[in-house]
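Novice: This is the structure, below, for whatever I ask next.
The values are calculated or read from the model by the stated rules, or taken from the named source; none is laboratory data. Since this is a predicted model, take the numbers as computed values, not measurements. Please note: Cβ atoms are built from the backbone with ideal geometry, for glycine as well, and neighbour counts cover all protein chains shown. Areas reflect the complete protein model, heavy atoms only, side chains present, ligands, DNA and RNA absent. Shrake-Rupley method; radii C 1.70, N 1.55, O 1.52, S 1.80 Å.
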Amino acid sequence: MTDSRYFGLRRERVTVSTVGIIPRIKQMPDDMPGVGLALSLHAPSQELRHKIVPSARAYKLDRLMEAVKEFEDRTKLKLFVEYVMLAGVRIMVPTSIVTVDFLRFSST
C-alpha cells in the first residue's frame, strides 16, 4: 500500500489492525516502519476475550499488552484501540469501566 508503484500511500497515513497476533506485532516495526497499529481489544479480560476471539488462547492479554508497549517504545507511535460493542456480550457499564481502567493502566 505504501509502494509508489501501487497506491503510494504515506506510511504515517496507514494503520494496520490486528486482534493481537503477538509475533506480527513485534515484527511490524521492521517490516513496516512508520505504519500505525490498531488493536481490536474485544474485551478487558482474558476470560471474556477468549470467548470472543479464538486466537486469544495462543496470545494472552498480558503478553499482548507487553508487545503493544514494545511497539510503542520502538516506533514512538501511539496505539489505536478498537472496541466493538456486541449485543449481549459486553454492553454492561461495569465491563466498559473495566476496559477504560485496563487501558489506562496498560498505557503507563
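Novice: Mind listing whichever residues of region 61-79 are surrounded by 13 or more Cβ atoms within 10 Å (Cβ to Cβ) and outside any helix (DSSP H, G or I)?
Specialist: If the condition is that a residue be surrounded by 13 or more Cβ atoms within 10 Å (Cβ to Cβ) and outside any helix (DSSP H, G or I), then LEU77, LEU79 are the ones that fit.
Novice: I would also like to ask the following. Name the pairs whose Cβ atoms lie under 9 Å apart, with the first residue in region 41-58 and of a type in the set (Lys, Arg), the second modelled with pLDDT under 85, and 6 or more positions between them or separate chains?
Specialist: Pairs found: ARG49/LEU41; ARG49/HIS42; ARG49/ALA43; LYS51/ALA43; LYS51/VAL89.
Novice: Just one of the numbered conditions (1) over 17 Å from the mean Cα position of the chain (by Cα); (2) surrounded by 13 or more Cβ atoms within 10 Å (Cβ to Cβ); (3) charged (D, E, K, R) is not true of LYS26; which one?
Specialist: It fails just one condition, (1).
Novice: Another question, then. I need the full set of residues from region 29-60 which are part of a helix (DSSP H, G or I) and surrounded by 21 or more Cβ atoms within 10 Å (Cβ to Cβ), in order please.
Specialist: Within region 29-60, just ARG49 meets the criteria.
Novice: Here's another thing I want to ask about it. From the set of residues in region 1-16 that are farther than 14 Å from LEU77 by Cβ and touching a residue at least 12 places away in the same chain (Cβ under 8 Å), which is most open to solvent (accessible area, probe 1.4 Å)? Step through it out loud before you land on a result.
Specialist: Taking region 1-16 and keeping what is farther than 14 Å from LEU77 by Cβ, we get 1-9.
From what's left, touching a residue at least 12 places away in the same chain (Cβ under 8 Å): 1-2.
Numbers: MET1: 130, THR2: 47 Å².
Out of the qualifying residues, it is MET1.
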